[in-house]
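For reference, the structure is listed below as structure tokens.
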Amino acid sequence: MAFLPSPPMAVAFRLKIGILLGLLFGQAQSARLYTEEDPVVILSSDSLKQSVFNSSSAWLLQFYSSWCGHCIQYSATWKALAGDVKDWAQAIRIGVLDCAHEKNFDICKEFGIHFYPTFRYIKAHDTTNDYGKTYHGADRELQTVRQLMVNFLQNHTKQDWPVGCPPLDPARSEDILSLMGKKTEFYTAVIVEDKDSYIGREVILDLLPYEGLAVKRTLSSDKLLMEELGITSVPSVYLFHPNGTHTIMNVQKRLRFFFSSFLKLLPGVHRKQSTSSLQRPQPGNNGQGTQVEWKVFEKSKVYMADLESGLHYLLRVELATHKTLEGEELKTFKDFVTVVAKLFPGRQSVVKLLETLLEWLVSLPLEKIPYDAILDLVNNKMRISGLYLSEQVQWVGCQGSSVALRGYPCSLWTLFHVLTVQAASRPDALANTGFEDDPLAVLQTMRRYIGTFFGCQECGKHFEEMAQESVNQVKTVDEAVLWLWRKHNQVNARLAGSMSEDPMFPKTQWPTPDLCPTCHEEQEGLHVWNEQMVLAFLKQHYGASNISLKYSSNSQPEPGPPAPDKPKAITKPNNGHLNQNLKPSPDSIPKHQKRTEISGAGEKLTGVQIEARPGMTFLGLGFSSLDMSLCVLLYTLSCVFLMFMFFFFRSKRWKARNYRPYV
Ligand SMILES: Cc1cc2nc3c(=O)[nH]c(=O)nc-3n(C[C@H](O)[C@H](O)[C@H](O)COP(=O)(O)OP(=O)(O)OC[C@H]3O[C@@H](n4cnc5c(N)ncnc54)[C@H](O)[C@@H]3O)c2cc1C
Ligand SMILES: *[C@@H]1O[C@H](CO)[C@@H](O)[C@H](O)[C@H]1NC(C)=O
Ligand SMILES: *[C@@H]1O[C@H](CO)[C@@H](O)[C@H](O)[C@H]1NC(C)=O
Ligand SMILES: *[C@@H]1O[C@H](CO)[C@@H](O)[C@H](O)[C@H]1NC(C)=O
Ligand SMILES: *[C@@H]1O[C@H](CO)[C@@H](O)[C@H](O)[C@H]1NC(C)=O
């Protein structure tokens, strides 16, 4: 006996090993098990007591040690749990504290943490400072712990009930029946379930951060109520509408995720916003007094108007903030045009415009291209018949409830989803472009476009991080479709409840069960995707035959006498059409008025031609600034001239060739 360490000594011993190992690996590796990106609250000696004692919510804490193998394995479950109950935070929060971190040694000792991991739950409004209650259950599966959280919440008394937590006990049948035929300001959803089912309570907690509805539960043992509502099987959700009508809610699968998703998607139900963004403009009002007509659309469709408006913005505004393109930027632009020209399942006039642009870019041996020259082409200054990209911004599926929301970034996601699906369904489309047989063609091009040109820099950084982490695991075109879908959902999860979320279009994990019921499954109490079904769905949803031309502009101007230049369409990007943080600053938008004169003069200046081709290395060798600007001017003119020559011959060739039928 004498040689066996007594318990306190064992603790000290373990601590010492902890310190040693911590010093050896912990600091050096510093690969923490949990990061700010995870939905858990990372606590330390500075914040633990302040956060968990006398808190408005209850807490479930995991004291772990970063060197304990089991903790490392368990961290995936804990993160999944925290993500699963993220919306419960007003009632109960999930925290972690690393006892192997030097600065936490004392606090772990004070809390009496002897083994890792140790789970403690602490009631809301707890001022006893008794370090909480330890969970000793052997089963640490996600579903078990989640149900424990519900039980623990229900163990609160009226006095210490968490401030943001609605009642979890079954509602009285009188209260439910009295709702019949009554007009109210919000929905009431009643979940009818068996006594030991957790779905009702879980859905109540899932909807905690949402306003516009109340969720209650009742038991199937209440025969009178079951009869009155006509419910024959449980669990079921009965819905009382604000207008006084009531119906049973139809869901394809009786799972928590389906119930919660359907309720979150009811019109008028949205995530509560921080007070600063509470004044919510009405749909159709762009906040500047002018009414934009609301366009009715189906969310099961993709709209060409969104894709074309996005391309218009990308080509005429976002890229136009770059005076010239060269080097990597030029390469990125070329690749982008290649991918879009070959894969975009658009209208003939747009596809032809893109193909022309591509042909021009490929055949011109320029190392540096003034963007104005590209703009002239995009605006079809050559007046080649059949090339046209509308200058109208017309958001349909990407409409926002206010002009600062959705719009361009939404169209960009949509465009790239469409492109990945095209790449997967038309394997030969990229033949002879240098991208053939490259399953990553679209993703890498998107990645470089977003990183180089996308006006929202933060978005670009986040996207680059995601790409670095996993894009190389993509081995087939199908995996590329799924990769983009997965990353988009990751972005949605991060942005849910943030300022850039449109309250009318809450960020959800997409496709929601109403769009694709077979995409969703449940395994051991956790929602999982059926990725095979998701892939099939994405291919159908973003497929060429699902792109609607409704609301697409038809006003294609006839080629003919030069129309007066309309620079205002370009130089005045209506700020409102963009997500606020994506707006380029007004002075970075180039002035295009000059363009007409330059291109008009181009024909006279036949002499300058290609001299300037090898870039502008000759600049700066003792030229005055006047010389320099002359050089730049000549250079620009020669580019424009080249373009003219190009089109002169190209359009001749074209006439001889048959038009490709619209795909
Ligand atoms: C690459 C990229 C990175 C971004 N990063 C940020 C950022 O870091 N911070 C920020 O504030 N904003 C970011 N944004 C903008 C943000 O993602 C949204 O585009 C914007 O807030 C508008 O949201 P939305 O409601 O229109 O839906 P969006 O997220 O733009 O989605 C558009 C449409 O695509 C469909 N969809 C939704 N999810 C998926 C999915 N998983 N797979 C396939 N289709 C789907 C839906 O029909 C949806 O309406 C980024 C945009 C892009 C293109
Ligand atoms: C607990 O918090 C409430 C308000 O949040 C405060 O009034 C009260 O004094 C606090 N109690 C203790 C013991 O700190
Ligand atoms: C709830 O309270 C009961 C009675 O005090 C107790 O036995 C049970 O362990 C508690 N459950 C939880 C999860 O705290
Ligand atoms: C009440 O609203 C629902 C949709 O919320 C609608 O389907 C129903 O027709 C409306 N009933 C009446 C009487 O207005
Ligand atoms: C369009 O996509 C939806 C899914 O959003 C799908 O149900 C529908 O069948 C598709 N339509 C066509 C014509 O492919």
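The values are calculated or read from the model by the stated rules, or taken from the named source; none is laboratory data. What you see is a predicted model, and the numbers here were worked out from it, not measured in a lab. With ideal geometry, Cβ positions are generated from the backbone for all residues, glycine too; neighbour counts draw on all protein chains shown.
Applying the condition of being under 20 Å from residue 347 (Cβ atoms) and part of a loop (DSSP other than H, G, I, E, B) to region 519-551 and asking which residue is nearest to ligand 5 (Cβ to nearest atom) yields 543. When residue 589 is tested against the conditions (1) out of contact with any helix residue (DSSP H, G or I) (no Cβ under 9 Å at 6 or more places or on another chain); (2) among the hydrophobic types (A, V, I, L, M, F, W, C); (3) modelled with pLDDT under 75, the lone failure is (1). Of the listed requirements (1) surrounded by fewer than 21 Cβ atoms within 10 Å (Cβ to Cβ); (2) among the aromatic types (Phe, Trp, Tyr); (3) in contact (Cβ under 8 Å) with a residue 40 or more places away in the chain; (4) touching a strand residue (DSSP E or B) at 6+ places or on another chain (Cβ under 9 Å), residue 105 misses just one: (4). Every condition in (1) at pLDDT 90 or above; (2) surrounded by fewer than 21 Cβ atoms within 10 Å (Cβ to Cβ); (3) within 22 Å of residue 143 (Cβ to Cβ) holds for residue 73 except the one numbered (1).
Do we find that residue 220 is of a type in the set (Gly, Ala, Ser), under 29 Å from residue 526 (Cα atoms) and loosely packed, with under 14 Cβ neighbours inside 10 Å in this structure? Considered against the rule, which asks whether it is of a type in the set (Gly, Ala, Ser), under 29 Å from residue 526 (Cα atoms) and loosely packed, with under 14 Cβ neighbours inside 10 Å, residue 220 comes out as no. Count of region 118-140 residues, restricted to those that are hydroxyl-bearing (Ser, Thr, Tyr) and within 13 Å of ligand 2 (Cβ to nearest atom), is 2. In region 456-463, the count of residues that are surrounded by 15 or more Cβ atoms within 10 Å (Cβ to Cβ) and either outside any helix (DSSP H, G or I) or within 16 Å of ligand 5 (Cβ to nearest atom) (or both) is one or more. Kindly indicate whether any position in region 465-479 is within 16 Å of ligand 5 (Cβ to nearest atom) and assigned to a loop (DSSP other than H, G, I, E, B). Scanning region 465-479 turns up no residue that is within 16 Å of ligand 5 (Cβ to nearest atom) and assigned to a loop (DSSP other than H, G, I, E, B). In region 37-62, the residues that are under 15 Å from residue 89 (Cα atoms) and away from ligand 5 (no atom under 16 Å from the Cβ) reach residues that are charged (D, E, K, R) and assigned to a strand (DSSP E or B) with C-beta atoms within less than 6 angstrom, at least six apart or across chains, in these pairs: 41/93; 57/93; 59/93; 61/120. Of all residues in region 114-129, none are over 20 Å from residue 55 (Cβ atoms) and within 15 Å of ligand 3 (Cβ to nearest atom). So, residue 385, is that one under 21 Å from the mean Cα position of the chain (by Cα), surrounded by fewer than 23 Cβ atoms within 10 Å (Cβ to Cβ) and assigned to a loop (DSSP other than H, G, I, E, B) or not? Considered against the rule, which asks whether it is under 21 Å from the mean Cα position of the chain (by Cα), surrounded by fewer than 23 Cβ atoms within 10 Å (Cβ to Cβ) and assigned to a loop (DSSP other than H, G, I, E, B), residue 385 comes out as no.
Test residue 460 against the criterion of being touching a residue at least 40 places away in the same chain (Cβ under 8 Å), touching a Phe, Trp or Tyr at 6+ places or on another chain (Cβ under 9 Å) and not hydrophobic (A, V, I, L, M, F, W, C), and give yes or no. No, not satisfied.
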